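Data block below; observations after.
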Amino acid sequence: VIVYSVEKTGTQTIYYTLKSLQLRDPVYHTHYLTTVAINRIVAGPKTHRKQTKLNEISKLKQRVRFGRHKHWRIITLVRNPIARSISALFHIYKKYEPNWDVGNIPAETVKDLQNHYARKVDNYISQMAKWFEDELQQFFGIDVYAQPFPHEQGYMILRSRRADVLVIRLENLNVCYRQAFSEFMDIDIPQLEHHNRSEDKGYREIYKRFKEEALLPGWAVEEMCSLRYTQHFYTPQEIERFRSAWKTAPDAPRE
């Protein structure tokens, strides 16, 4: 079983939930398996934690590559792209501001976050835009866009010779997870083991202020709403709600 999805889509909740069930099959967790993505990670700053994760990815990649006759079960998640990009912003920015005091937020913090977002949003968009083609399709030969996504149900199951895939929307997870996993793996999950949620973190007050005050680049919001990813997994009405939830700067330049 592999929990395999782009970052900041709720994968840790699924991973730790499945681990807690002590399933017969091992459960793995990764965001990337392709050589291009792994090389990009290697090129970044070196840390012990990152090296440990790279070793885990390498071992999993070998298991998948050389276990050609093994049938994999894959869980992958999708998320509102604007919300995902904001979550990625706070995850990265927290590394540079480790001593945020939620009770004393500097006046310039929201502006700093807004500027940081403008510099990084291209990366956030590119991470989402082709993840399914560059990762899942390239590595397992599965095209999630080949059939319509059932928006009301909130999940779909794709079956192939090499792997079965559960695609589930984070927005529907709390409502549909029992039905989805019962159908996909024939298991009952009494409750989710939530991990790594923004509302549980120390920066929730800063996030609230950012949402109230920040101006997102208009071009970025429109580009995220126009992605094939977004158009496939969400309805026009849902996309419009994503768009209208944030204030934008229509003339913001692309950095």
Exercise. Would you mind stating whether THR235 is farther than 21 Å from TYR117 by Cα and of a type outside the set (Lys, Arg)?
Key: yes
Practice problem: Report yes if some residue within segment 238-248 is in contact with a Gly (Cβ under 9 Å, 6 or more places away or on another chain), modelled with pLDDT of 95 or more and closer than 27 Å to HIS91 by Cβ; otherwise report no. | Solution: no
Quiz item: Would a scan of segment 194-214 turn up a residue that is touching a strand residue (DSSP E or B) at 6+ places or on another chain (Cβ under 9 Å), farther than 17 Å from ILE125 by Cβ, surrounded by 13 or more Cβ atoms within 10 Å (Cβ to Cβ) and of a type outside the set (A, V, I, L, M, F, W, C)?
Solution: no
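Let's see how each residue does on (1) touching a residue at least 60 places away in the same chain (Cβ under 8 Å); (2) of a type outside the set (Ser, Thr, Tyr); (3) assigned to a loop (DSSP other than H, G, I, E, B); (4) touching a Gly at 6+ places or on another chain (Cβ under 6 Å):
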position: ASP122; (1), (2), (3), (4): yes, yes, no, no
position: ILE125; (1), (2), (3), (4): yes, yes, no, no
position: ASP134; (1), (2), (3), (4): yes, yes, no, no
position: PHE149; (1), (2), (3), (4): yes, yes, yes, no
position: GLU152; (1), (2), (3), (4): no, yes, yes, no
position: ILE189; (1), (2), (3), (4): yes, yes, yes, no
position: TYR207; (1), (2), (3), (4): yes, no, no, no
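The values are calculated or read from the model by the stated rules, or taken from the named source; none is laboratory data. These figures come from a predicted structure and were not determined experimentally. No Cβ is skipped: glycine too gets one built from the backbone with ideal geometry, and neighbour counts run over all protein chains shown.
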